[in-house]
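Below you'll find the structure, written out as structure tokens, and then a few comments.
Derivation of every value follows stated rules applied to the coordinates shown; laboratory data play no part. Please read all numbers here as calculations on a predicted model, not as lab measurements. Neighbour counts are summed over all protein chains in view; Cβ atoms, including those assigned to glycine, are modelled from backbone coordinates with ideal geometry.
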Amino acid sequence: MRKVFTTGQVAKICKVAPRTVSKWFDSGRLRGYRIPGSQDRRIPREHLVRFLKEHGMPLGELEAEVYNKVLVIGADSPLQASLRDQLRESDDFRIETAASGFEAGIRAESFHPDCVIIDMALGRIEAGQIAQNLKRNSDHATTILVALTSEEPGEELYGLGFNDAFKKPFDAALLAERIKRLVATKKSEEP
């Protein structure tokens, strides 16, 4: 996770010429600093991210660092809506949904979620297969899995690879707080 970028690196991320980045810097639109004794410019990551967001530019390779991505599988519309209310993009969360195991596999490969929430209402077998398939894939070995269940969560859920479980009905705000904590812990442990 790079903390400071050169104008050339910023140009590559923004898909513009390095001279354009220098102009943004010199005009004060893109904040950063100069290396003492040289004309070289450096842009801290937080200033670059703010600049990209303010100007509606894609974050590109920074997206994985900036957004906490949550994939919700099999949840009904009211639950999806309440999660979107609790985990807003303005708080650096992105949520995608999938209705089936097949769709979940496709979404997981393209979206690379930090956390996957699976509603056990899909069916215990299908939900378990989704969890096991994700954990078997090395790209998703550290992905957090949360089960939503209508029964008391038992040891078999954790045996399938789930990190946590919530018994329905539950407060969406509590689920959102738990997800925020789990994702923050996961990201702090990554190399």
Angle, helix 101-111 long axis vs. longest principal axis of the chain, Cα atoms, 0 to 90°, nearest 10?
-> 20 degrees
Toy charge model, Lys and Arg Cβ at +1, Asp and Glu Cβ at -1: the chain dipole around Cα centroid in debye, rounded to 20, equals 1360 debye
Among 123, 105, 174, the residue whose Cα sits farthest towards the positive end of the charge dipole of the stretch 103-181 (+1 at Cβ of Lys and Arg, -1 at Cβ of Asp and Glu, taken about the Cα centre) is 174
Computed from the mean reciprocal separation of all distinct C-alpha pairs, what Kirkwood hydrodynamic radius does the stretch 1-103 have, in Å?
-> 15.8 Å
Binned at 10 Å starting from 0, the alpha-carbon pair-distance distribution of the chain in whole percents comes out as 8, 32, 27, 17, 11, 4, 0
In terms of modelled amide H atoms, which long-range or inter-chain residues lie less than 5 Å from the amide H of residue 69?
-> 94, 114, 115
For the stretch 4-57, using Cα atoms only, the Rg and Dmax in Å read 10.2, 34
Indicate the gyration tensor shape class of the stretch 111-191 (rounded, prolate or oblate), computed on the Cα atoms with a ≥ b ≥ c the square roots of the eigenvalues: a/c under 1.5 is rounded; otherwise a/b larger than b/c is prolate and the rest oblate.
-> oblate
For n ≥ 4 DSSP H runs only, could you compute -39500 (n - 2.57) per run for the chain, divide by its residues and tell me the 222 nm figure to the nearest 500?
-> -13500 deg cm²/dmol
Taking 7 Å along the Cα-to-C-beta vector as the label spot, tell me the residue 33-residue 88 distance in nanometres, rounded to one decimal.
-> 3.3 nm
Hey, in the GNM for the chain with a 10 angstrom Cα cutoff, which one of 110, 38, 82 fluctuates hardest?
-> 38
Exceeding the 25 Å Cα-Cα cut-off - candidates 12/186; 3/53; 53/168 = 12/186; 53/168
